[in-house]
Amino acid sequence: MLLVPTPDEAAVKVPDSSARIDVFPGDSEMARRMREFDWSATPLGPAESWPRSLQTVIFLMLNSRYPMFVWWGSKLINLYNDAYIPVLGARHPEALGRSAPRIWNEIWDVLGPQAEAVMREGRATWNESLLLVMERYGFTEETYFTFSYSPAPDNFGNVGGVFCACTEDTKRVIGERRLRTLRRLGEQATQAKSVAEACAIAAATMRDNPYDLPFAMIYFLDENGAKARRLGATIPENRAAPRVIELGDEVDMAWSCRQVIESAQSLIVSDLGERFATNLPGGAWPEPAREAVVLPLINPAQARPSGILIAGVSPRLLLDEDYRAFLNLAAGHIAAAVGSARAYEQERKRVEALAEIDRAKTLFFSNVSHEFRTPLTLILGPVEELLSGAVGDTNEVQRAHLMTLRNNAVRLQKLVNTLLDFARVEAGRIEAVYEPVDIGILTRELASTFCSAVHRAGLLYIMNCPSIDAPVYIDRDMWEKIVLNLLSNALKFTFRGVIEISVTEGDEARGASGEWRVANDAVGAFHSVSSLDTRHSPPTHVVLTIRDTGVGIPEHELPHVFDRFHRIPNNRSRTQEGSGIGLALVQELVRLHGGSIQVESEIDRGTTFTICIPTGSAHLPESRLSATRTLASTALGAAPFVEEALSWLPRSDQDLLPISSLTLIDGSRPPVLGSERILIADDNLGMRDYLARLLQTHWAVTAVEDGMKALDIAQNEQPDLILSDVMMPGLDGFALLRKLRENDQTSAIPVILLSARAGEEAYIEGMNAGADDYIAKPFSARELIARIKALLDVTRVRRESERRVTNILESITDGFQVIDADWRLTYINLEAKRTLEEHGIDPEWAIGKHFWNELFPDGVESDLAEQLRHAMTVRVPVAAESYYAPWQRWYGNRIYPLPEGGLANYFQDITARKRAELSLAESLRQQKLLYEFLGRLYLAESLDELYGAALDAILSGLRCARAAILLLDPSNVMRFVAWRGLSEPYRRAVEGHSPWSPDEMNPQPVCIPDISSAEVADSLKDVVMAEGIGALAFIPLVLNGKLIGKFMTYYDGPHSFSNEEIDLGHT
């Protein structure tokens, strides 16, 4: 490093005041200009005649890279260095040698009084981020500066001029102001519950920043896209800001709204005054805005913009990249807020619509259910004829299809009749015909129809239904439905043991527990849901008891078993099919007989239903005794119940079809098998057979009857697609889907759910559960095949795209990590893995760990944690810089919320840049100390005062523990002339030692960061360490390239010396 002489060194070496230094040293632009300038034509006169103090200030100023200037003399003649040129702008170079009031005439009302105070009183001033409105580049500009005016003494100790070092803070101040606006847009606008409210909040937020947004209008297109309506604005309605803009009219042409919407690109509009023949407000400034930016408002979920933001540009700022980026981010926040508000409105409307649908459901059942009966008749009639052979023979494939059609049509007829019965009950339109019967014989006849089904299920069937002498009045159709529904339920939930049905009579009816409990007894596992009608106390009762040893009912579910549409979740059964109104209908039919029904159950021990019916007819309405039936009967007999029960049993236990339908392939359609494998899961035998027949002509098909078997095959064989019913015993479709998605091996297998539940709500539920597609029954074969093909094609493309995206993320230089909604790390790229490995964290271990609790517990309270939580909660992008203390590293983070929840974070190690910024701040502090030192230097009246000022500056500026000044004496030996904190023995021991020879030209500084490891003579090292010194630096004092002495700085412990510290000490 080439060192130039400094004023203090010259003063030390050459005390003669007549010796002068080069007034304008160096090859900088301002040094050249000053040398070429005719100073004799200014009040300062020729440079050779200038005071030595002025020459010294200029010397320091020209050799500094910090913006500095000096105003000298009563006229305040301006001199400045290269770093100050950008501050002057277009005033450079004419500002050189001119009077300061003429240069800064537009802001002299601010600067003048401060300069006068310095000249008159010798009092320094300080201004931090001061607003100065000046003209530097052809327009009036909003600027901010931090600066200090210090008195510059002349040779006689008087104030000869004003010395200033300054920093322009314009970008920082404006950047912080814009960031506050963006933060408020992100935080407040998301609180809106409607589009209009979102726009109003956004407009109010923008109105609070008139410096960057002198005016702003938010317009959104109507439904047909022909008009844009103003939903928010910071200014009143006027010619340039009408309430409605017709696309294509004069205002649209002026703002170019259509062009911005169609191109989805922002556009700058200039000459606003000429375009609209009126002045638009300039916000915080008196002059009108000259230009504006029209920006599209587009949500990521939209294909094209739905609105525009018209934002005025400050007349006192340049529309640069930072300004445009701010406006783009503001538009993005507004679009996101409007998108959230629209989603909220849509959700609210959907909830209201569902409530209205629920109110209309009962009325719909009552009015429409009977309309199904005619088309069902027209289906069943022709099918029965075809099966009987009355219209010709059918082959095996045709017969299999006809049997599937017939069985499901009968089942549908049964469901429709049940709905119709329930609707009639709720509407009070049920028509009962009571007649005396032998209830024991009738019940035995109905129960006997279930013998084959119960025996094939491997169960013991006990029927105890003797003839009953007491007269019992019942509606035969209703009693049939009561008995068959309860027997069907018993078989559905019993897998081993016994099903028992009995009919008893007596003066006091008794239940299965031995005691008949009337009224609302909800204690224990025995629950009463109805009480006897005691208005006509009958002398005797008849009790029907149906008992099984099935899975039982949980105690907390007993009060709800007779609720309509109620189904016990996660209850083991032979099938999950069912309407949920069978028991509710049974209860209503029992009540219509003046009776009551009770249930007693214990988990894994079984269930007992007990029905008590009064004998005689006194409890029944006389008008319905042996009356004529006017409404069509809904009774179908036992066949539909028995056929449905048989379909629940394994194939090996029944012979509904003579051959396995899984082997039936239509010869007219030869199979065209693809390489993909399809897994079918459905508990309904008919549906399982139908799907297998349909799909095996295209793909390899495996069919199973429940979710557990499907899960086992999926884990072991990895099918290409799973087609699953939603309602299945054991593991239903949703549970199967959850387990597939939880397993890494099966999480990517596409799944199509089949369900009888149609409508938007069911579709949303299925898709939210993680299904790739959701198909409601009934569906066409062509539709099913097309959607399977499409999903298989999409899966192939998606897997290829995922591979490409992964390759891109793995190749970028930024670290990338994905955090899910539960704050667990789910993905990191190669750069992020490298970062973890550098700090001793195994990347494979880190996946799945909680980001704060397990990975970075020391960062829970950090600025980054706050920014991440903000992005996770508000769902807006966030850019943040954070310091992680355990690693002693700075990171720049760009955080983006993910649509499915969670966050994506791109990060870079910015430690080098942050350290440079901290170094700059330290440099500014040192510069300020230097200016204070110069003032003391010029006022020093003795060498001791000069040395003291120098040592104070070194100790404060370098934050060192001790310091000393040594000069060469006439015999070229270094002698202490001033010191701080050094003992006399130490000074005697080291005096005379020097890293340079006395005749060495341009010696360089020598630093010893750690004396304990330095290559120094042991005797000298012992002396230094005994003094408690850990590090020291030798800074040469030179004059005209020749060594005259040295500065010494000492630190108590090891110390890393920076170039800035060496430069400051040298200065």
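The values are calculated or read from the model by the stated rules, or taken from the named source; none is laboratory data. Since the structure is predicted, the reported quantities are computational estimates derived from the model, not experimental observations. As a convention, Cβ positions derive from the backbone with ideal geometry for all residues, glycine included, and neighbour counts pool all protein chains shown.
Computed quantities for the displayed model
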item	result
Subset of the range 374-428 (residues that are small (G, A, S), at pLDDT 75 or above and buried (at least 16 other Cβ atoms within 10 Å of the Cβ))	A400, A409
Near pairs, Cβ below 7 angstrom, 6+ apart or cross-chain, from the range 23-52 (β-branched (V, I, T)) to any residue that is surrounded by 12 or more Cβ atoms within 10 Å (Cβ to Cβ)	V23/A47; V23/W50; V23/Q55; V23/I58; T42/I77; T42/G97
Matching residues in the range 496-508 - criterion: being modelled with pLDDT under 90 and in a loop (DSSP other than H, G, I, E, B)	D507, E508
Subset of the range 26-58 [farther than 24 Å from V159 by Cβ and among the charged types (D, E, K, R)]	D27, E29, R32, R33, R35, E36, D38
Test: residue in the range 534-548 that is closer than 30 Å to S724 by Cα and modelled with pLDDT of 50 or more	no
Verdict on S675 being modelled with pLDDT under 90 and of a type in the set (S, T, Y)	yes
Selection status of W845, part of a loop (DSSP other than H, G, I, E, B) and either in contact (Cβ under 8 Å) with a residue 24 or more places away in the chain or not assigned by TED's automatic domain parsing to the domain that holds A330 (or both)	no
Residue in the range 43-59 that is within 30 Å of M1001 (Cβ to Cβ), among the hydroxyl-bearing types (S, T, Y), at pLDDT below 90 and crowded, with 20+ Cβ neighbours inside 10 Å present	yes
Tabulated pairs, the range 487-503, first assigned by TED's automatic domain parsing to the domain that holds V543, second basic (K, R) and part of a helix (DSSP H, G or I), C-beta under 9 angstrom, 6+ apart or interchain	I501/R444; V503/R444
Residue in the range 135-152 that is more than 24 Å from L319 (Cβ to Cβ), in contact (Cβ under 8 Å) with a residue 60 or more places away in the chain and out of contact with any Gly (no Cβ under 8 Å at 6 or more places or on another chain) present	yes
Residue in the range 823-840 that is under 15 Å from the mean Cα position of the chain (by Cα) and closer than 29 Å to T181 by Cβ present	no
Residue count, the range 138-180 (criterion: in a helix (DSSP H, G or I) and surrounded by fewer than 20 Cβ atoms within 10 Å (Cβ to Cβ))	9
Every residue from the range 867-895 that is within 20 Å of H333 (Cβ to Cβ), of a type outside the set (D, E, K, R) and surrounded by fewer than 16 Cβ atoms within 10 Å (Cβ to Cβ)	T873, A879
Residue that is modelled with pLDDT of 90 or more and either of a type in the set (A, V, I, L, M, F, W, C) or within 22 Å of L1020 (Cα to Cα) (or both), where the choices are F933, F976	F976
Filtered residue count, the range 852-866, keeping only those that are touching a helix residue (DSSP H, G or I) at 6+ places or on another chain (Cβ under 8 Å) and either surrounded by 15 or more Cβ atoms within 10 Å (Cβ to Cβ) or at pLDDT 85 or above (or both)	4
Subset of the range 538-578 [part of a strand (DSSP E or B), within 15 Å of T494 (Cα to Cα) and of a type outside the set (K, R)]	I546, D548
Complete set of residues in the range 207-237 that are among the aliphatic types (A, V, I, L, M) and surrounded by fewer than 19 Cβ atoms within 10 Å (Cβ to Cβ)	A226, I235
Any hit, the range 257-264, residues being closer than 27 Å to Q867 by Cα, of a type in the set (S, T, N, Q), assigned by TED's automatic domain parsing to the domain that holds L318 and surrounded by 13 or more Cβ atoms within 10 Å (Cβ to Cβ)	no
Of all residues in the range 579-610 being within 48 Å of the chain's Cα centre (by Cα) and surrounded by fewer than 16 Cβ atoms within 10 Å (Cβ to Cβ), the one that is nearest to S724 (Cα to Cα)	G580
Yes/no for A277 being surrounded by 15 or more Cβ atoms within 10 Å (Cβ to Cβ), under 21 Å from P236 (Cα atoms) and over 35 Å from the mean Cα position of the chain (by Cα)	no
Selection count, the range 157-193, where residues are under 29 Å from A880 (Cβ atoms), in contact (Cβ under 8 Å) with a residue 24 or more places away in the chain and of a type in the set (A, V, I, L, M, F, W, C)	6
Residues located in the range 961-978, provided they are within 60 Å of the chain's Cα centre (by Cα) and in a strand (DSSP E or B)	R962, A963, A964
Tally of residues being in a strand (DSSP E or B) and either surrounded by fewer than 16 Cβ atoms within 10 Å (Cβ to Cβ) or in the same structural domain as I749 (by TED's automatic domain parsing) (or both) across the range 816-839	2
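This table checks each residue for (1) under 29 Å from the mean Cα position of the chain (by Cα); (2) farther than 15 Å from S314 by Cα.
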| position | (1), (2) |
| --- | --- |
| Y211 | no, no |
| A226 | no, yes |
| M253 | no, yes |
| I261 | yes, yes |
